[in-house]
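For reference, the structure is listed below as structure tokens.
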Amino acid sequence: MKILMVNVPFSGHVNPTLALASELTKRGHSVSYILTKDWKDRVEESGAEFIPYIGHEEYGITFRKGKPANIWKALKAWRYVYDSIVAVGSDYDLLIYEFFTYTAYAAARKIGIKVVRQFSTFALNSGITAEVLQSSNLEIKLMKNDFFMKVISKIACGKIKLTTGNIISEIANTPVDLNIVYTTSEFQINSEAFDESYLFVGPAIAPRKINLVIPYGQMQGKIIYISLGTLQNEKKELYRKFMEAFAHVEGISVIMSVGYHTDINELGEIPHNFFIYSFVPQLDVLKHSQIFITHGGMNSVNEGLYYQNKLLVIPMDMDQFSVADRVEELGVGYQLKEKRLDSKLIFDKIKKLEKDSQIEMRVKSMSQHMRDAGGVVMAADKIEKLVE
């Protein structure tokens, strides 16, 4: 089978899909992946052929403090996705796109190719989209503004005619034969609202190769892992609060990933029980840790639960607020608001989390659901049946 995958260049949307690309190539399928040049190595590492946006091979997005440095340039990615699919898509048996890459559906309809959609966050429909849009987050509030969305749509889509008429419904409501959702039905909001075309496979577990040896043998007691994701992680003051909260506390070791844009030397004196890195192999760390302090990205939360970590979620953007709410609803962790944080509150919340046996029991149960969901193996099985 000849498969074309496509995405926009945002880590949380791309990372789980690379595991599926790897599984499909292992099965002997020919997989090509359209993305920006910055993702070339990661795509090829998965075994797929890398294709840059056609006609825009040098296009890339620069991020500053977790946001595109040039939002107007970033919005052109959706137009380039559409043009690239139309240019080469007819040579393939199947198109697989991630839900945020919403112009892909219209391109697929134009050339008459079968499609599979992936959700890197909760599966969406009209009801859940409306629920998510209730967030007080400024960017989500803007998405409810008709004028703002018309401007964004014009820039992102140009003359592309969306099949459902607007961006929000194109993201959530297009009638796709197979939807792969990278969480479980137990974690999904209102899972009963989705039919059999939605396949909840759990997290896409695919370790990334990284040349870093973490000295777990030097760590004492319980291990807390702290990571604020790959985009909005320039948080020196917050990292200092974490250090103040757990500095030299007996029975606790802390592994903290601060991103490539944070100078570790500027954080001050590093406590002896802290192990701080620019980047870590997250899945390997989660195998050793017991508590995960996270920004609430869906991939990170699901991976944490997969490896039986209790969660402390500090949401910062977009769907992370809904994910944090779900963590509390299911009783697998707590959440804190970033603006209200101080070192004592962080310490007290972690000690409470550490002692909560009910959360521990629920985390173990959710971990089993994650492991039983089938992952990318189940997803690949369904894809093969779809195209038989």
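Scan the stretch 278-290 and tell me whether some residue there is touching a helix residue (DSSP H, G or I) at 6+ places or on another chain (Cβ under 8 Å), of a type in the set (Ser, Thr, Tyr), over 17 Å from SER367 (Cα atoms) and open to solvent by 20 Å² or more (accessible area, probe 1.4 Å). Yes; the residues of the stretch 278-290 include at least one that is touching a helix residue (DSSP H, G or I) at 6+ places or on another chain (Cβ under 8 Å), of a type in the set (Ser, Thr, Tyr), over 17 Å from SER367 (Cα atoms) and open to solvent by 20 Å² or more (accessible area, probe 1.4 Å).
Say whether the condition of being hydrophobic (A, V, I, L, M, F, W, C) and closer than 26 Å to PHE10 by Cα is met by at least one residue in the stretch 208-218. Scanning the stretch 208-218 turns up at least one residue that is hydrophobic (A, V, I, L, M, F, W, C) and closer than 26 Å to PHE10 by Cα. For the stretch 42-89, a residue qualifies if it is under 21 Å from MET1 (Cα atoms), assigned to a helix (DSSP H, G or I) and either among the aliphatic types (A, V, I, L, M) or open to solvent by less than 80 Å² (accessible area, probe 1.4 Å) (or both), and the qualifying residues are VAL43, SER84, ILE85, VAL86, ALA87, VAL88, GLY89. Residues of the stretch 195-215 that are more than 17 Å from the chain's Cα centre (by Cα), in contact (Cβ under 8 Å) with a residue 60 or more places away in the chain and surrounded by fewer than 19 Cβ atoms within 10 Å (Cβ to Cβ): LYS209, ILE210, LEU212, ILE214, PRO215. What helices (runs of 4 or more DSSP H) completely inside the stretch 273-388 contain at least 2 residues that are within 21 Å of GLU237 (Cβ to Cβ) and among the aliphatic types (A, V, I, L, M)? Passing ranges, in order: 343-355. Go through the stretch 362-388 and give me each residue that's modelled with pLDDT of 95 or more, of a type in the set (A, V, I, L, M, F, W, C) and farther than 14 Å from LEU311 by Cβ. Result: ALA373, VAL376, VAL377, MET378, ALA379, ALA380, ILE383.
Among the residues of the stretch 51-72, those that are under 21 Å from the mean Cα position of the chain (by Cα) and either charged (D, E, K, R) or at pLDDT 95 or above (or both) comprise ARG64, LYS65, LYS67.
The values are calculated or read from the model by the stated rules, or taken from the named source; none is laboratory data. This structure is a prediction, so every number in the text was calculated from the model and none was measured. Cβ sites come from the backbone with ideal geometry, for glycine too, and all protein chains shown count toward neighbours. These accessible areas exclude ligands, DNA and RNA; they are computed on the full protein's heavy atoms, side chains included. Shrake-Rupley method; radii C 1.70, N 1.55, O 1.52, S 1.80 Å.
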